[in-house]
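Peer 1: Before anything else, here's the structure in question.
The values are calculated or read from the model by the stated rules, or taken from the named source; none is laboratory data. Keep in mind that what you see is a predicted model, and the values were worked out from it rather than measured. A quick note on method: Cβ atoms are made from the backbone with ideal geometry, for glycine too, and the neighbour counts reach across all protein chains shown. Keep in mind that these areas ignore ligands, DNA and RNA; they rest on the heavy atoms of the full protein, side chains included. Shrake-Rupley method; radii C 1.70, N 1.55, O 1.52, S 1.80 Å.
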Amino acid sequence: MLPEPLIQVLQVLTVAGAAPGISGVIARVEATLQGRHGPRILQPYYDLAKLFRKEALAPEGASWVFLAAPVAAFACYLTVPLLIPVLTTFPLPLGYMGDILGGGFILSLASFLVAVAALETGSPYAQLGASRAKTFAAITEPVVLFVVFTVAMLTATDLPYALAATVRASAGQIVRPAHVLAAAALFMVILYETGRIPVETHSGTNEFGMIEEARSFEHSGPYLALLRWGSAAKQMILYTILLNVFTAPWGLAATRGAGPVLLAMVALPAKACVLGAVVAVIDDSFAKLRLFKITEFAAAAFLLAVLGVFTLYLGGG
Amino acid sequence: MPPAPAPSVFAGTANVIAVLILLAEFGMFRQALLRDQVRLYAGQSVLIAALAVLVGAVQQLPELYVLAAVTIALKAVAIPLVFRRLLRETEPEHAEQTGHDIAGTGGLGLASTVLIGLAVAAFGFFTATALPVSSGGAPVTALSVSVSVILVAFVVMIHRRDVASQAIGLFSLENGISLASLVVAPALPLLVEVVLAVDLLLAVVVLGLLIRLHHGRAETLSTADLTELRG
Amino acid sequence: MPVVAIVLLALPLAAAAVAFWVPPRAAGPVTAAAGVASFGLVLALIPAVTRHDVTALGFIRIDALAAVFLLATSFLYGCVGIYSIGYLRTGGEHEARNRRYAGRFWAGLNVFAWAMLVAPAMSSLALLWIAVEVTTIVSALLVALEGTDGAAEAAWKYVLIASAGLTIALLGTIFVYYAGAQVLGQTYNLAFTPLLGVAGRLSPAVVRLAFVLAVLGYGTKMGLFPVHTWLPDAHSEAPTPVSALLSGALLAVSFYAILRFYQVTQAAIGPRFPRDVLLAFGVASLLLAALYLFGQRDYKRMLAYSSVEHMGILAIGVSFGAPLALAGVLLHVLAHAAAKGNAFMGAGVLVRKYATKQTGLLTGGLDLLPWSAPMFLAAVLALSAMPPFGIFRSEFEIVAGGLAGDHNVAAVLLVLLVTVAFLGLSATVNKMLLAPRPEADLARGEPSAWMVVPVLAGLVALLVLGLHPPAELTGLLNHAVTALRGTVPHGTGSGGAA
C-alpha cells in the first residue's frame, strides 16, 4: 500500500517524465509514415538535456516577466495532474481541489503567461503567434465549455473522476451520442491546443502559419527547455484527460497497491503512444488549413459539442 | 439535475449513427466541392444502411437487411455513379470565361451557415421530441435527428446555387425520410419500400436529364441565371 | 366491373407503348382514341361505384370519390388527346426535330395521363403517393420538352419543388402508417379501407401531424400558397396541351390525395382541426392568386394563377364541411377541369395564331378566330364563375354551404376574392380579344379543326354541369360526399386491403 501523497507525486512525475517521450514517439511515427528514418524516440530528452546546459539570453528591454513566465507556466502544467485521474480510479486527496473548469483555468493561465512573455520580446513572430493563439482560443473555449456541460449532464458533477467512473460503469455510456460527440469535440480541441495538423505544422519553419511554435522564438537555454517541456507536458495532460476521462479509462489503479500503480504508470504512456500514433496519422493524411479556415475547424468542433448537449436533452443521448 | 441515465448499447449505437447522418448532412451544407458532396451523400446512405442492419438485427426484422442491400446498391453506388458521370460530362472547363465557378456556391458565410444549421437542427430536435411516438425500430431520438436532417437538407437546397447541389440536397432529404421511417415504420412492407426505391431511381434519371438539359443550354451548372420566370 | 377498372388503367399504358413505336401521325389518333375510350370506361364505372366500391387485383379500389377525379382526368385526357393532333400539326417546326419531339410528346402524354388515372384508383396511401410521384417525374419531362431556356428553368423548379413537397407528403404517409400499425399490427400495408375502419383508435397527435405534412406536401403539387411557386412557371412553359392536363387534372389529383388524408383525420380526431388547416391554406391561396391575376403579361401564367385561385376555393369549400359545400367542391373539380382545359386549349390556339404568350402583343382575337376566341372568352367567363356555366353552380353551392354552416366570414371573403379575381381576369382578356387589331398582318381563320372540336366538347360539359347535371352525376357526387363526411354507407369491409 503506497501512501496517497506518494501516488499524487507519482502522478506528476509520470506526466512530466513521459511527456517528452510521447512527442518523440509521434515524431518517429510521422517520419516512418513519410518514409524517413526519423529521430530517436528519446531525442526530446536529449534536446532538453542540451538546452538545460546552454546559457540563457533575454532580449534587451525584456522585464523579469520574460524569464519568470516559463517557470510559472511549467509549474502550472505540473499542477494539473494533481486534479485529474492519471493513475488511480479513486480521487486522491488533492483531486477535489479543482474540477474540470479548474484544470482548464490553470492551463489557460499557463498559456496566458507564455503569451505575455512573447509580448515582452518585441519580436514580431512571437507576438504574432501569441495573438493568434489568443484569438483562436476565444473560439475553442466555448467548445470546451459545451464539453463540460455535457460532462455535467452525464454525471451531475463536473469532476473528471466522476465521469471516468460513469464511463466505466456500462457499455451504454460509451456509445451514447452525447459522450461520443463530446469526446470528438475534445479531440479536435486537443489537435488545436497541441498545434497539430490541420491547424498548424508541428515541425517546420513556416513562420507565417505558426501559432503555438512561434511564441518561444526569443527564449533560449533552460527557459526554452522549460517551455518545450511544458508544451510536451500540456500535450500529455490533454491526452490523459481524453484517455483516462473520456475514451479509455482502463488500466488505472483501483487500489493503493504498488503493483496496480506501477501498472498504471506503464499503461498511461502506452495508451498515450497509441493516441499519439493516431495523431501522427492525421498529421500525415491532411493538409494544413489556411489560417482563416481554422475558424471553420473550430466551428466544426463547436457543432459537435452543441449537438452533444442537444442529444442529451432529447433523452436518448 | 440528476445525471442522465445511460441508454442501452443498441439505442446508443443507433443514435450515434443517426447523429453521424446529421453530421453528413451538415457536411453537404458546408462542402464546397460537388465531388465531395456526392461522396458525403454516398457515405450518408451507407450509414442509413448500417442503421437498417442494426435495427433489423436487434428488433428481428429480417426484411430490413433487404432494405439495407437496396439502399447500398441504389444510394451508395448507383446514384453517386450517375452523379459522378454527370459531373465529369459537365466539367466547368470554361469556368473562367463564363465567370461561373460553381464550387462553393452558397450565398452565406461560415458563421451564418453554422448558426443557421444549428438553429434549424435544434428546432427539428425539440419539435420532434414533443411527438408521442414509441418505436418498434430505431430509438425515438433518431426521429428527432431525422427531422433535423430533413430541415438542414431543405436549407441546403435553398442555400446552394447550382443544380447538382440542389439535387443532392433533394436526395439527402429523402435519406432523412428513410431515417424517420426506420424509427416509426421499420416494418413498412418491403414491396412498398422497393417501389419507393425504384421511384427514387426514376427521379435520379429525370433529374440527370434536366441537369444535362440545363447544362447544354447554359454551359454551367449554376442556377444564378435561372431568373427568367418571376411573378 | 373489376375488368373495366383494369382495362381503364392498362389502356393509357398500352397507348403510350404504341405511340412510342408508331410514327407520330398515327400516335395522335391512338392517343385520342385511348383518351376517349378511357372517358367512356369511367362513365361505365359510375353506376357500379354508386352501388359499391369497385376493387380489383388487391390494389385497385375505386369508390365514388375516386370516380369523380377519374371522370375529370379521363375527360381532359380525351379532349387533350384530340386537341394535341391539331396542336402538333400546326407546330410547323423542322421535320426531324418534329418527329423526335412528337414521339416523346405522345408517349409522355399517355404515361402522364396513366399516372393520373392510377393515383385515384389505388387502394393504399403508399401506392397513391407513388402514383403522384410518377406524375411529377413524367410531367417534369413534358414541361422540359420545349427545350427553351424558360422550359428548362421551369422544369427544374418544378421537379425540385414538387419532389421536395412530395417527400414531405411521404413523411406524412409514413406517420399514418405508424398510427395504423399501432392498431392494425406491423403487417399493415397502408390500405385505406381498414385504416378508416379503425380511425377512431388512431393516435390523435400523430394523425394531426400526418395531416399537416400531407397538406403541405400534396399542397405543393396542388398549388396552395405558399408552396405554389413552381406552378405558374411550369404551366406557362409547358406545351399547351400539357398545361391543360397539369392544371385541370394533376392539381385535382393532388387535391384528391389531400381529401384522403382529410377523411382519415376527420374520422380520427374530428373535423375541426383539418378544416381549420384547409381554411388557412385556402384563403391564403385565393388571396394571393386574386392579386396576382392583375397585370399578368403572359396569358398562360394568368391562367396558372387562376388555377391557384380555384385550388384555394376547393380548400375553402372542404373547410366548410356542409354536405352542400362538399358537393359543390366535387362539382367544382369537374367544372374546373372542363373550364381550365378549355381555357388552356384556347390559349394554345392563340399561341399558334399569334406566336406569342405576351398579352400586350395580342389584340383582335374575336375578329381573327371565329370559333376559338368566343369559346376562350366563354372559358374565362366560366372560370370567373359566370352563369350559366358549371363553376357558377359549384361556387354557389360552396358559398351556400358555407353560409348554412355558419362560416359567414369565410364565405363572404370567398365571394369578395373571387370577384377580385374576376376583375383581374376579365380586364386582361377583354383587351386581348375585343380590342381591334391595328395592323392586318394575320388572316382570319382557325389554325386547325382538331383544336376546336375538343373545346366545343368542354363547353358542352360546362353548360351541362351548369344548367342541368344528369341524375347519375348527382348521385355519384352525393355518394362521394357521404364518403367524405365520414359516414361510409357501404363497402367498409369490401376488401381492397388484401
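Peer 1: Quick one: Cα centre-to-centre distance for segment A:148-166 and segment C:170-200, in angstrom?
Peer 2: Distance between centres, Cα-based: 43 Å.
Peer 1: Hey, how much of the P(r) for chain A falls beyond 36 Å, as a percent of Cα pairs?
Peer 2: When all Cα pairs of chain A are counted, 15 percent exceed 36 Å.
Peer 1: Given segment C:118-229 reduced to its alpha-carbon atoms as identical point scatterers, what log10 I(q)/I(0) does the Debye formula return at q = 0.22, 0.23, 0.24 Å⁻¹?
Peer 2: For the requested q values the scattering log ratios are -1.14, -1.21, -1.27.
Peer 1: If you count only protein heavy atoms with a 1.4 Å probe, what accessible area per residue comes out for segment C:2-484, rounded to a whole Å²?
Peer 2: For segment C:2-484, the solvent-accessible area averages 30 Å² per residue.
Peer 1: Still on this model: Computed FRET efficiency, Cβ-Cβ of residue C:229 and residue A:31, R0 51 Å: what is it to the nearest 0.05?
Peer 2: Efficiency for this residue pair is about 0.30.
Peer 1: Next up: Mind grabbing the interface size between B and A? I mean buried accessible area, both sides, 1.4 Å probe, in Å² to the nearest hundred.
Peer 2: The buried area between B and A, both sides summed, comes to about 2200 Å².
Peer 1: In deg cm²/dmol, rounded to 500, what helix-only [θ] at 222 nm does the protein assembly as shown give when every DSSP H run of at least 4 residues adds -39500 (n - 2.57) and the total is split over its residues?
Peer 2: Here the helix-only value at 222 nm equals -24500 deg cm²/dmol.
Peer 1: Can you compute the equivalent ellipsoid semi-axes for segment C:338-409, i.e. the square root of 5 times each eigenvalue of the Cα gyration tensor, sorted largest first and rounded to whole Å?
Peer 2: Its equivalent ellipsoid spans semi-axes of 33, 12, 9 Å.
Peer 1: Over the Cα atoms of segment A:1-114, what is the Rg over Rh ratio if Rh follows Kirkwood?
Peer 2: 1.05
Peer 1: Specify the angular offset, from 0 to 90 degrees and rounded to the nearest 10, of the alpha carbon long axis of helix C:323-354 from the longest principal axis of the alpha carbons in chain C.
Peer 2: It is inclined by approximately 20 degrees.
Peer 1: Still on this model: Taking the simple approach of a point 7 Å from Cα along Cα-to-Cβ for both residue A:101 and residue C:201, what is their distance in nm?
Peer 2: In this crude spin-label approximation the distance works out to 5.4 nm.
Peer 1: Do any trypsin sites (Lys or Arg not before Pro) in segment C:304-370 lie in a loop, going by DSSP, with at most 10 other beta-carbon atoms within 10 Å of their beta carbon, and if so which?
Peer 2: Sparse-neighbourhood loop trypsin sites (Lys or Arg not before Pro): none present.
Peer 1: Once the Cβ-Cβ distance between residue C:297 and residue A:291 is put in as r, and R0 is 56 Å, what FRET efficiency do you end up with, to the nearest 0.05?
Peer 2: Calculated value: 0.60.
Peer 1: Simple spin-label model, 7 Å along Cα-to-Cβ: residue A:43 to residue A:65 in nm?
Peer 2: Those two pseudo-labels are separated by 3.5 nm.
Peer 1: Could you name the lysines in cross-link range of residue C:431, using Cα to Cα under 23 Å and dropping any fewer than eight places away on the same chain?
Peer 2: Partners within reach: C:300, C:340, C:353, C:357.
Peer 1: Also: Name the shape class, rounded, prolate or oblate, that the alpha-carbon gyration tensor gives for segment C:23-63, where a ≥ b ≥ c are the square roots of its eigenvalues, rounded holds for a/c under 1.5, and otherwise prolate holds if a/b is larger than b/c and oblate otherwise.
Peer 2: It is oblate, given that a/c is not under 1.5 and a/b is not larger than b/c.
Peer 1: May I pose another question? Express the carbon and sulfur contribution to the solvent-accessible surface of chain A as a percent, rounded to the nearest whole number, probe 1.4 angstrom.
Peer 2: Answer for chain A is 70 percent, counting heavy atoms of protein chains only.
Peer 1: Enumerate the whole-percent occupancy of each 10 Å bin, from 0 to the last occupied one, for all C-alpha pair distances of segment A:243-317.
Peer 2: Per 10 Å bin, starting at 0, the Cα pair percentages come out as 15, 25, 29, 24, 6, 0.
Peer 1: Roughly how tilted is helix C:125-143, in degrees to the nearest 10 and between 0 and 90, from the longest Cα axis of chain C?
Peer 2: With both axes taken from Cα atoms, the answer is about 10 degrees.
Peer 1: Follow-up. Would segment C:329-474 count as rounded, prolate or oblate if I go by the C-alpha gyration tensor, calling it rounded below 1.5 in a/c and otherwise prolate when a/b exceeds b/c, oblate otherwise?
Peer 2: It comes out oblate by the Cα gyration axes.
Peer 1: Return the whole-Å distance between the Cα centroid of segment A:177-196 and the Cα centroid of segment A:222-248.
Peer 2: Centre-to-centre distance over Cα atoms comes out at 15 Å.
Peer 1: How high is the FRET efficiency from residue C:272 to residue B:60, r the C-beta distance, R0 45 Å, rounded to 0.05?
Peer 2: 0.65
Peer 1: First check a/c for segment C:2-484, with a ≥ b ≥ c the square roots of the eigenvalues of its C-alpha gyration tensor; if it is under 1.5, answer rounded, and if not, answer prolate when a/b is larger than b/c or oblate otherwise.
Peer 2: prolate
Peer 1: Can you give the angle from 0 to 90° between the axis of helix C:2-21 and the longest principal axis of chain C, with both taken from C-alpha atoms, to the nearest 10?
Peer 2: Once rounded, one gets 40 degrees.
Peer 1: Next up: List the DSSP H helices in chain A whose Cα atoms stretch 15 Å or more along the helix axis and whose mean Kyte-Doolittle hydropathy is at least 1.0.
Peer 2: Long hydrophobic helices here: A:4-33, A:64-79, A:100-121, A:124-155, A:177-193, A:258-285, A:294-313.
Peer 1: Also, I was wondering about something else. C plus B alone minus the pair: what accessible area, both sides summed, probe 1.4 Å, in Å² to 100?
Peer 2: About 3700 Å² of accessible surface is lost on pairing.
Peer 1: Rounded to a whole number, what % of the accessible area of chain C do carbon and sulfur atoms account for, probe 1.4 Å?
Peer 2: About 69 percent, which is the carbon plus sulfur part of the accessible surface.
Peer 1: Given that compact globular proteins tend to follow 2.2 N^0.38 Å, what is the ratio of the alpha-carbon Rg of the protein assembly as shown to that value?
Peer 2: 1.13
Peer 1: Rolling a 1.4 angstrom probe over the protein heavy atoms, how many square angstrom per residue are accessible across chain A?
Peer 2: Ligands and nucleic acids excluded, the figure is 40 Å² per residue.
Peer 1: If all Cα-Cα distances of segment C:116-157 are sorted into 10 Å bins from 0 onward, what percent lands in each bin, rounded to whole numbers?
Peer 2: 32, 35, 24, 9
Peer 1: What whole-number distance in Å separates the alpha-carbon centres of segment C:366-428 and segment C:97-163?
Peer 2: Distance between centres, Cα-based: 29 Å.
Peer 1: Per residue of A:166-177, how many C-beta atoms from partner chains lie within 10 Å of its own C-beta, taken as a mean?
Peer 2: Per residue, the number of nearby Cβ atoms from other chains is 6 on average.
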